[in-house]
Amino acid sequence: MDVIQIVLLAVVTFIFAIDQFSLTELLYRPIIACPIIGLILGDLNTGLVIGGTYELMMVGNMPVGGAQPPNAVLGGIVAMIFAVKAGLPTDQALGTAVIFAVFGQYTVTLTFTIMSGLMAKADKAAENADPKGITAVNLTSMVILGSIFAVLGVAAYVGGTALGSSLEAFSKNFSWFMAGLGAAGGMMRYVGFAILLKIMLANDMWGIYFAGFAAAALLGNVAATAGATLLLVAFIGAAIALYDFNTNIKIKAQTGAGNGGETDGI
């Protein structure tokens, strides 16, 4: 075990935990957090692979009120540790990490439960026009949440490093079980994207949706474009979106719509 890695992991985990609800609300996303953790663990490439894959798994999972989705921070940390320190394949590491991501969900709920008892102090500070009191309550919540996640991150590092050889042996002796985890981990990225489409996809967009699949299949099977398939499909999508936007602007300008009112939701 590397003490420097443990300290850096604790620091970034503390920041990621707070970033879920404050700061930028972007740093904690797997596509950013996992490469950072990969740098700390000395394997940036694995961080990029797991970060991109795990982001697809979590992209459609959004908290709604008190309902918290599987936690992206803890799941990403565990996936990285299992992949780098225990040597598990990406899909198996992600399949295993989902279990810990669900546990992270309860950690957030526990923190909210603890903080509910301190809200009376924030209300009293507001009544007394005391911004320092409100700030103190907010800082307390951040310290509690960040500290819990930092401890869990360090525990995952220590446990994953210590059990590395055991996990490797388990993977060999119970290959059928690990194959199941790998299949689950490989499937989760499609489930996450399906959840996002469930929310965003409109009936009039199905044609573009299937056209994107067709473009990806065609470009992916041409040697000259296979290496940049996703980028090229993204450019095509951006072009369609820009054309649609400009067309709607012109239509509104000609019909006199778009000047506010109930039809525009204003």
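Every number here is computed from the coordinates shown, using simple stated rules; none is lab data. What you see is a predicted model, and the numbers here were worked out from it, not measured in a lab.
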Just to confirm my numbers, what's the Cα centroid distance between the stretch 108-138 and the stretch 198-236 in Å? 48
Taking LYS85 as the anchor, which lysines have their alpha carbon closer than 23 Å to its alpha carbon, excluding any fewer than eight residues away along the same chain? LYS172
Going Cα to Cα from LYS124, which lysines come in below 16 Å? Please leave out same-chain ones fewer than 8 positions away. LYS132
Subtracting the Cα-Cα distance of ALA223 and LYS252 from 0.36 nm times their residue separation yields 6.1 nm
